[in-house]
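To start, the structure under review is shown below, and the notes come after it.
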Amino acid sequence: MRMHRVGKTLAVVVAAVGLLGTAGYVATGSSVGPSVGSSAGYFPFGYGCGDAEERLGEALAKESVLDVPPSSAGAGESYRSCDDDDLFVVAGRSYAYEGSRESALRHYLDVGSTRGWRTAAGDCLAKRIDGTTAYLTVWGPEKGTLDVEITADRAGSRWCE
C-alpha cells in the first residue's frame, strides 16, 4: 500500500512540474532563445497593448494637425497601431500626394506651430499629449503617397531627438 501512495504522490508532483514548465515555456519563449515560445502565453500575464495604449491612440488620432493636409494632397486615410513588444502607439494619415517633400515639411511645420507643436530635431515636431511627449513625422512622399504620423509611448522614449 505504501508504494502505491508514493507512486500517486510522485505522479501528481511530476504532472504539476510538467504543467508549470509548459506554462513557463509558453510565457517566456523558453531559455533556448527568442521567439521560441508562443506569444499567446504572454496575454494572461499582461503582455502587449492594453487600455492605456488604446486611450493614448485615441488622443493621438484626435490631433487636428492630422486633419490638415497639404494643399496638393488627395483624399486621406487614417490609421492607428500599437506595437505589442515596445508599447509605442502610432496614429497617422496617408495621403495621395504628388508634391515635394520640402513642401510637405514646410506645411506641417507651419500648421503644427499653430497647434502647439514645436521643432524637436530635424524634420520632427514634439508636443505633450495625454501625459507623454508625442512626435510628429512626415514620411515620403514615396510612390505618390505621403504619410504623416504621430508616435508616442508611456516610457518617455525620444523618437526623433
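The values are calculated or read from the model by the stated rules, or taken from the named source; none is laboratory data. Fair warning: this is a prediction, and the values are worked out from it, not measured in the lab. Positions of Cβ are generated from backbone atoms using ideal geometry, with glycine treated the same way; all protein chains shown enter the neighbour counts. The area values use the complete protein model at the heavy-atom level, side chains included, leaving out ligands, DNA and RNA. Shrake-Rupley method; radii C 1.70, N 1.55, O 1.52, S 1.80 Å.
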Listed residues Asp147, Asp130; which is of a type in the set (D, E, K, R), closer than 21 Å to Gly57 by Cα, in contact with a Ser or Thr (Cβ under 9 Å, 6 or more places away or on another chain) and in contact (Cβ under 8 Å) with a residue 24 or more places away in the chain?
Asp147
Taking Val90, is it within 13 Å of the chain's Cα centre (by Cα), within 23 Å of Gly112 (Cβ to Cβ) and of a type outside the set (Lys, Arg)?
yes
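Tell me which helices (runs of 4 or more DSSP H) are completely within region 1-116 and hold 1 or more residues being modelled with pLDDT of 95 or more and either open to solvent by 50 Å² or more (accessible area, probe 1.4 Å) or aliphatic (A, V, I, L, M) (or both), or say none if there are none.
Qualifying helices (runs of 4 or more DSSP H): 51-61, 101-113.
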Of all residues in region 117-141, how many are open to solvent by 40 Å² or more (accessible area, probe 1.4 Å), under 30 Å from Gly48 (Cβ atoms) and either of a type in the set (Phe, Trp, Tyr) or in contact with a helix residue (DSSP H, G or I) (Cβ under 6 Å, 6 or more places away or on another chain) (or both)?
2
